[in-house]
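K.L.:
Just dropping this structure here.
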Amino acid sequence: MADQRKSCLTGKGVTKEFGFGRTKTVAVDNVDFDFKEGEVISIVGESGSGKTTLAKMLLGLISVTKGDIYFQGEPRDISSQRKRRTYWTQIQAIFQDPFASYNIFNKIDSVLLDCIKMRGGARLPYEQKVEMMTEACSFVNLKFAELTNKYPFELSGGQQQRLMIARIFLLKPKVLIADEPTSMIDACSRATILDMLMSLRNEVGMTPIFITHDIGLAYYVSDTVYIMEKGKFVESGSADDVILRPQQPYTKRLINDVPKIYEEWDLSTV
Amino acid sequence: MKYTIQQIFQSGKFITGFSIFMTILLIVIIYPLVIPDPPLKIIAQGTFFEPGIYVNVYDSINTPFYTLNLDEAADRRIANRLGDEDRQAIKEWLVGNGMPEAEIDPANTEQLLDQWFNNFDPTVRLPGMTNADRNYYIRLNNNIQGLLNTSGAVIAELDEETAVLTEKATVPQSAYVNVNDVPNVRVLPLGTDNFGRDVLTELVRATGVSLQIGLVAGSIATLIGLVLGLVSGYIGGFVDDTIMFVTNLFTVIPSFVLLILISFSISQEQRGATTIAVVIGFTSWVWTARAVRSQVISLRNRDHVNLSKLSGHSITHIIVRDILPYIASYVVMALILQISSGILAEAGLSILGLGPKTTDVPTLGLMMNWAMIYQAHILGKWWAYFPIIITIALIAFSMNLMNTGLDQVFNPALRD
Ligand SMILES: Nc1ncnc2c1ncn2[C@@H]1O[C@H](COP(=O)(O)OP(=O)(O)OP(=O)(O)O)[C@@H](O)[C@H]1O
Ligand SMILES: [Mg+2]
């Protein structure tokens, strides 16, 4: 039976190679995928498996060595600055390290104003812009009045990541790629961030793609899970299938690596 | 930003370098206001006048005298006029006349003259003495007697028609003039150079010109290097390959050789200070370009740049707003280094005789060149080259200090 849901991102034989000759690394190796609209997708793999590289290709931030990427069923065209801009109104990202994600010379206001501009709101009266920014900030439990004229690095890591979500709130993209959005922050803010992302998903109706090395997190949030090993997807399917009935030894290892609170820890594998 | 500037001014090295540099700059600006002489004007007839205060003799005579009876005056006068050779001759005569050598001290004028007057006898003929020697001693004796003369000098006026000298006044030996009364006194703290120009005035102007050359050359080099580095680093691909090809060409040929060749091919008449500065600038951007490029390459894949792309910003916006500020401190440091090496490059060129033309303005390099051609170093005329070396060294030193200071602020890893 053919899947009736619309595709949002599709890849055929997507490959990324860095360098050439003897220094060549194949970061992403001939992967096929079909991300459906409305699903929560997770890409799980250990460090160096090529998750970030794949994410950057999906975002159009780096070129694709081989293969094709389709956006909403159409071949993706990002050949000019104007087309890329249009593409980026529909696909957005949250990066791993909040401290490296902001230009340290720009104030928080300008980060948020850029998003309003991107949505075509450049000419709106300033009061309305402030209203929009205030709304976005309060969505992530921040007070815009306290943030205005401050720099992002003056915030804590969790607050910076929340500001990143406020950005997405303003941009309302179709797809959000979240590259380990919680790996740099403490467990407590982690749950908050994830909850905010999930409620944002309901609010703007976007397709989130979580990239993570934490298979527990993937199980907690996602419908479909892709397991990535050394640049290849080794297993994919619904979260229940993949995580409760793993077929591949790599997947089993990833699952076993998650420390269980009620069992004694085997520190030799950590 | 404000915080960084505060930090910069807390760095001891930077402040030291900055103060030295500012002092030099202030002197360059203020000196011409106080002494507005043209720096290349030849004022002295003759070469290499020693540093000192030059009092006009004619004016001194026409200035009211004051009588000061000072005990040492006569001794000083004699001591000053009795040359080393004469003292040595006196000593030889006395020794030849049978005085123990240990008792004679040629430096002690009073004792020496005492010994001379008590012992000298023109009729005595010492063993081994020629007639010429004897005459020399008689003449020396007369000279010394003349020195001891206490009558004043006569000032006479020449009658144009009859050629008769009429005595106008006598200047007694105890006559003094107050320097403040003499209308023409010229202080030459660094003497004059081989052409008879005031070295200090020339040096101040030369420092100013050299700083300008450094600034122009440094700005051009930094600007070219910055733009090429940014474009080549950020855009990459074919553009990068092309720019790096040119850069590598420039790297393989040492820039100073290139500089010499270019300067050589411009005729002396067309080589103004600005031309030289521009030529220096155009041959020394290579390292800035390389350094900026590698910085940009490490920056262009950072997440804040990615975020800026995702916010729909154009390449220009990203280069100017997301890359440039991150390397700004680095560029400032490169600029300072380029300015100081521009000054040195001009000096090097001028010493080789390929500097700016010599009739316009002095530069530090040209002054070194003149001192060298006229052999100031061999003749021991230190004032014609030593102050210039010191100035060049001070400029380079202060700029390097500022640079190290900045480096410590911008790279916390270097702080001690
Ligand atoms: N710009 C680059 N140049 C060369 N090699 C690269 C580059 N970016 C990534 N790689 C290589 O590609 C491989 C995959 O890297 P990637 O960053 O995608 O891993 P990852 O799965 O995101 O890991 P992590 O969980 O640590 O973030 C690595 O072997 C890395 O060395
Ligand atoms: Mg990664």
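The values are calculated or read from the model by the stated rules, or taken from the named source; none is laboratory data. Just so we're clear, the structure is a prediction, and the values are computed from it rather than from any experiment. Please note: Cβ atoms are built from the backbone with ideal geometry, for glycine as well, and neighbour counts cover all protein chains shown.
K.L.:
Within the range A:75-108, track down each residue that is among the acidic types (Asp, Glu) and within 17 Å of residue A:165 (Cβ to Cβ).
P.N.:
A:97 - this is the single residue of the range A:75-108 that is among the acidic types (Asp, Glu) and within 17 Å of residue A:165 (Cβ to Cβ).
K.L.:
Can you tell me which of B:98, B:146 is assigned to a helix (DSSP H, G or I) and small (Gly, Ala, Ser)?
P.N.:
B:146
K.L.:
Let me ask something additional. Residues of the range B:323-356 being surrounded by fewer than 17 Cβ atoms within 10 Å (Cβ to Cβ), in contact (Cβ under 8 Å) with a residue 24 or more places away in the chain and either touching an Asp or Glu at 6+ places or on another chain (Cβ under 7 Å) or more than 14 Å from chain A (Cβ to nearest Cβ) (or both), which ones?
P.N.:
B:332, B:352
K.L.:
Taking interchain pairs and intrachain pairs at least six residues apart, which have beta carbon atoms under 9 angstrom, with the first residue in the range A:19-35 and free of Cβ contacts under 8 Å to residues at least 12 places away in the same chain and the second β-branched (Val, Ile, Thr)?
P.N.:
From the range A:19-35, the pairs are A:19/A:25.
K.L.:
For the condition within 28 Å of residue B:301 (Cβ to Cβ) and surrounded by 17 or more Cβ atoms within 10 Å (Cβ to Cβ), what is the one hit in A:139, A:144, A:95?
P.N.:
The match here is A:95.
K.L.:
Please determine, by comparing only the residues of the range A:106-128 that are facing chain B (nearest Cβ under 9 Å) and free of Cβ contacts under 8 Å to residues at least 12 places away in the same chain, which one is surrounded by the most Cβ atoms within 10 Å (Cβ to Cβ).
P.N.:
First, the residues of the range A:106-128 that are facing chain B (nearest Cβ under 9 Å): A:106, A:111, A:114-115, A:117-118.
Imposing the further condition that a residue be free of Cβ contacts under 8 Å to residues at least 12 places away in the same chain reduces the set to A:114, A:117.
On the way: A:114: 21, A:117: 18.
Taking the candidates together, the pick is A:114.
K.L.:
Quick one: in the range B:165-178, of everything that is assigned to a strand (DSSP E or B) and β-branched (Val, Ile, Thr), which residue is nearest to residue B:78 (Cα to Cα)?
P.N.:
Taking the range B:165-178 as the starting set, the residues that turn out to be assigned to a strand (DSSP E or B) are B:165-171, B:175-176.
Remaining after also requiring β-branched (Val, Ile, Thr): B:166, B:170-171.
Details: B:166: 29, B:170: 20, B:171: 17 Å.
Only one residue tops the list, namely B:171.
K.L.:
For the condition out of contact with any Ser or Thr (no Cβ under 9 Å at 6 or more places or on another chain), away from chain A (no Cβ under 14 Å) and among the polar types (S, T, N, Q), what is the one hit in B:255, B:265?
P.N.:
Just one listed residue meets the conditions, B:265.
K.L.:
How many residues are away from ligand 1 (no atom under 16 Å from the Cβ) and more than 10 Å from the chain's Cα centre (by Cα) if we restrict to the range A:175-189?
P.N.:
4
K.L.:
Which of the following residues is touching a helix residue (DSSP H, G or I) at 6+ places or on another chain (Cβ under 6 Å), among the small types (Gly, Ala, Ser) and at pLDDT below 90: B:350, B:329, B:340, B:398?
P.N.:
After applying the criteria, what remains is B:329.
K.L.:
Another question about this same structure. Only residues that are buried (at least 23 other Cβ atoms within 10 Å of the Cβ) and aliphatic (A, V, I, L, M): list them for the range B:306-322, please.
P.N.:
Selection gives B:307, B:310.
K.L.:
I need the full set of residues from the range A:34-68 which are under 22 Å from residue A:201 (Cβ atoms), more than 15 Å from ligand 1 (Cβ to nearest atom) and not basic (Lys, Arg), in order please.
P.N.:
Correct list: A:34, A:35, A:37, A:38, A:39, A:40, A:41, A:60.
K.L.:
Can you tell me which residue among A:212, A:224, A:182 is more than 16 Å from ligand 2 (Cβ to nearest atom) and either in contact (Cβ under 8 Å) with a residue 12 or more places away in the chain or more than 14 Å from every other protein chain (Cβ to nearest Cβ) (or both)? Can you show your working first?
P.N.:
Values: A:212 fails: more than 16 Å from ligand 2 (Cβ to nearest atom); A:182 fails: more than 16 Å from ligand 2 (Cβ to nearest atom).
Answer to the check: A:224.
K.L.:
Kindly establish whether residue B:259 is in a helix (DSSP H, G or I), in the same structural domain as residue B:354 (by TED's automatic domain parsing), farther than 30 Å from residue B:390 by Cα and touching a helix residue (DSSP H, G or I) at 6+ places or on another chain (Cβ under 6 Å).
P.N.:
Numbers: in a helix (DSSP H, G or I): yes; in the same structural domain as residue B:354 (by TED's automatic domain parsing): yes; farther than 30 Å from residue B:390 by Cα: no; touching a helix residue (DSSP H, G or I) at 6+ places or on another chain (Cβ under 6 Å): yes.
No, not satisfied.
K.L.:
Quick check: anything in the range B:117-138 free of Cβ contacts under 8 Å to residues at least 40 places away in the same chain and under 18 Å from residue B:75 (Cα atoms)? Talk me through it step by step, then tell me what you get.
P.N.:
Let us first name the residues in the range B:117-138 that are free of Cβ contacts under 8 Å to residues at least 40 places away in the same chain, namely B:117-135, B:138.
Now drop any that are not under 18 Å from residue B:75 (Cα atoms), which leaves B:117-118.
Within the range B:117-138 (the criterion being free of Cβ contacts under 8 Å to residues at least 40 places away in the same chain and under 18 Å from residue B:75 (Cα atoms)), the answer is yes, since at least one residue qualifies.
K.L.:
Say we look at the range A:121-140 and pick out the residues that are at pLDDT 90 or above and not in a helix (DSSP H, G or I); which of these is farthest from the chain's Cα centre (by Cα)? Outline the logic, then answer.
P.N.:
Taking the range A:121-140 and keeping what is at pLDDT 90 or above, we get A:123-140.
Now drop any that are not not in a helix (DSSP H, G or I), which leaves A:123-125, A:140.
Details: A:123: 30, A:124: 29, A:125: 32, A:140: 17 Å.
Looking at residues that are at pLDDT 90 or above and not in a helix (DSSP H, G or I), I get A:125.
K.L.:
Specify the residue that is nearest to residue B:74 (Cα to Cα); the eligible residues are those in the range B:149-164 that are part of a strand (DSSP E or B) and more than 42 Å from the chain's Cα centre (by Cα).
P.N.:
Checking each candidate, the answer is B:154.
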